[in-house]
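Chemist: This is the structure I want to talk about, given as structure tokens.
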């Protein structure tokens, strides 16, 4: 029996589109130039010199004409982004987010696919639940969704989930995200079992004996606020431990949401030994620090916590050097009343899908810390880590495209959010760079209101 | 001043103004009639999410001596136990239009949050392990009375600094007033990064004789179960302030309640160096000064319900018969 397609759901129908004179940037395809791009039947059909491609008469648009969007040589056409780490909260926590709202937020942020975490209620740890979620995603998701079921049943760290059956039902890999696999022995069994069933094991790294009682990074700010601290060694010691286990078992592991310099070092050391590890980093860890927690704004509370500026710089360096393979948002929606409580009582997490690109463009690309091509590469690299084709602007490929206006300035959240929740750590910040149009798996998933004006 | 949330928000002039006002109120306390009409018709709501006798009763006495009406709202036995959120509780109680809410919670930042949710003046009476600003003010008051001033004084704060809101507020307040602060205690109970508040850190009491003021913190017995220190016995042998460690020229302080035989030996509690009961006395007059500052001081807010015959500061929805 062959496994089903791991990504499911997405927009319909296949797009018929002519993008005229857009600046195409796809570092993977080696393109950085102005082009006309034709999307026919949801696939990239033609790339021509600016002004070269003509409107075709046989479109399927309402008028029988394909839509034409004029980029004026200014709008950028990027491969759409891939987010390997989101919380869609379904089943059980639909008051925070659901498959429709979460993927709508993804599309608005320029993402053509996301991978959902299993810390739902009930936990995604069985084939029947995976089947029903995939059915729901096929109906409701605005962009394709992949699922990572739990490594251990109920995320309790005591018994493996039925990984082989879950893989047959389309599991992309496995994770206990939200919690670590605390027992080294349990994780080792999962690593061994990977030889049977395949699938990346994605790890949320945290030693609860070190992090217990903590609500923010341990350091000067936690000392001043009297809030229990989470030391960064709570993450980095587990990264080092699990990298060694993966090396010993020759298993494939992915480290989720790295937050500190010591973890970057541990991943670099593992990679230098040839161990099969990869890592992701979140926009908030690249842009914010413990200083942003001083106001005890609960939107700044997430796991792992915002750390020091030295950690932030090390993460950027890790991303640049490729020690960290990709960007992931860890989009973690929570309802307003859940976050409108004192800091120590608030749940961990920030939304991030709608701001990821704009925040990183504003915070890293505009000041010249990294270049746009690298950002695009790292925001699309998550796909390959999960053995999926990376979004690419090449002839014959399905259209996974993000059309962005790098000059557009907006205030995060000023017109509300596509997500059901508003707990975004970048809310209220002025960002530059806006996604105008997202195509996912060949169809239009998001169209910004500003597009009509820009295209006119 | 609109609220008293944190010592961090105060400068030296603010602290001196409140302490001087407290000194004026102290004269009232020595009279036969201890009441002044300064806050007549004003309502002070004590909202306590943690057990407290001395802080709550001290605020209650302070409000009553200023002729304010006092309502005590303890979180146990109330809607809070039925799962009502802090915000909903505050919004509900705000319907009674308190002029000030004195708030104690186990959560850092709660007072700041509450100050955004209602129009009353908020007095932080302890927010988790963050701050306890009125304790710091009464400690400054006590020391000023005892020493004349604390500019240049060396003050050691000893014990469980990690879990102490008193320590954090006092480090800030003593430094604002020109003192040099050292925190000392077992390394497990000194939070990493505390030195960035500007204080020195010591893990032994070897240099305690350099201190002018010895401020011992309460050692919570429940910390033992979490193995912050190996035993109370070992804690006492290394950090207890006793007759051997305390010199006659030093002043001894403690926020109470004292664990005799743990952080303090019985002999020093009863010694002339100890100003522990003076701190309790100071609690009432300093809290009077704080309530006065917020509700009747120069930049105080107008009454939630204006006195008869005076126009309301802001129109009130629904109107109200004066």
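Chemist: Keeping to the stretch B:169-178, report how many residues are away from chain A (no Cβ under 12 Å) and surrounded by 24 or more Cβ atoms within 10 Å (Cβ to Cβ).
Modeler: Of the residues in that region, 3 qualify.
Chemist: Residues that are more than 16 Å from residue B:170 (Cβ to Cβ), part of a loop (DSSP other than H, G, I, E, B), in contact (Cβ under 8 Å) with a residue 40 or more places away in the chain and within 14 Å of another protein chain (Cβ to nearest Cβ): does the stretch B:238-258 have at least one?
Modeler: No, the stretch B:238-258 contains no residue that is more than 16 Å from residue B:170 (Cβ to Cβ), part of a loop (DSSP other than H, G, I, E, B), in contact (Cβ under 8 Å) with a residue 40 or more places away in the chain and within 14 Å of another protein chain (Cβ to nearest Cβ).
Chemist: Here are some residues: B:104, B:40, B:116, B:54. Which one is closer than 24 Å to residue A:298 by Cβ and out of contact with any strand residue (DSSP E or B) (no Cβ under 8 Å at 6 or more places or on another chain)?
Modeler: Residue meeting the stated conditions: B:116.
Chemist: Still on this structure, I have one more. Looking only at the stretch A:148-167, how many residues end up being farther than 26 Å from residue A:301 by Cβ and touching a residue at least 12 places away in the same chain (Cβ under 8 Å)?
Modeler: Residues meeting the conditions: 11.
Chemist: Now, a different point. Which residues, taken from the stretch B:26-46, are surrounded by 14 or more Cβ atoms within 10 Å (Cβ to Cβ) and within 30 Å of residue B:90 (Cα to Cα)?
Modeler: Within the stretch B:26-46, B:36, B:38, B:39, B:41, B:42, B:43, B:44, B:45, B:46 qualify.
Chemist: Go through the residues of the stretch B:188-200 one by one and say whether even a single one is in the same structural domain as residue B:246 (by TED's automatic domain parsing), within 16 Å of residue B:254 (Cβ to Cβ) and touching a strand residue (DSSP E or B) at 6+ places or on another chain (Cβ under 8 Å).
Modeler: No: the stretch B:188-200 contains no residue that is in the same structural domain as residue B:246 (by TED's automatic domain parsing), within 16 Å of residue B:254 (Cβ to Cβ) and touching a strand residue (DSSP E or B) at 6+ places or on another chain (Cβ under 8 Å).
Chemist: Taking residue A:343 as the residue in question, decide whether it is at pLDDT 95 or above, buried (at least 24 other Cβ atoms within 10 Å of the Cβ) and within 14 Å of another protein chain (Cβ to nearest Cβ).
Modeler: In short, yes.
Chemist: Let me ask something else. Please specify each residue of the stretch B:51-86 satisfying the condition of being closer than 30 Å to residue A:346 by Cβ, under 17 Å from the mean Cα position of the chain (by Cα) and buried (at least 17 other Cβ atoms within 10 Å of the Cβ).
Modeler: Scanning the stretch B:51-86 gives B:55, B:56, B:59.
Chemist: Something else now. Name the single residue, out of those in the stretch B:57-67 being in contact (Cβ under 8 Å) with a residue 24 or more places away in the chain and in contact with a strand residue (DSSP E or B) (Cβ under 7 Å, 6 or more places away or on another chain), that is nearest to the other protein chains (Cβ to nearest Cβ).
Modeler: B:59
Chemist: Could we say that residue A:295 is within 14 Å of another protein chain (Cβ to nearest Cβ), more than 26 Å from residue A:407 (Cα to Cα), surrounded by fewer than 24 Cβ atoms within 10 Å (Cβ to Cβ) and out of contact with any strand residue (DSSP E or B) (no Cβ under 9 Å at 6 or more places or on another chain) here?
Modeler: The answer is yes for residue A:295.
Chemist: Could you tell me whether any residue of the stretch A:149-167 is assigned to a strand (DSSP E or B), at pLDDT 95 or above and touching a strand residue (DSSP E or B) at 6+ places or on another chain (Cβ under 7 Å)?
Modeler: yes
Chemist: Answer yes or no as to whether residue A:306 is part of a helix (DSSP H, G or I) and either over 28 Å from residue A:404 (Cβ atoms) or touching a helix residue (DSSP H, G or I) at 6+ places or on another chain (Cβ under 6 Å) (or both).
Modeler: no
Chemist: Against the definition (surrounded by fewer than 23 Cβ atoms within 10 Å (Cβ to Cβ), free of Cβ contacts under 8 Å to residues at least 24 places away in the same chain and in the same structural domain as residue A:247 (by TED's automatic domain parsing)), how does residue A:170 come out, yes or no?
Modeler: No, not satisfied.
The values are calculated or read from the model by the stated rules, or taken from the named source; none is laboratory data. Everything numeric in this text was worked out from a predicted model, so none of it was measured. Neighbour counts run over all protein chains shown; Cβ positions are idealised from the backbone, glycine included.
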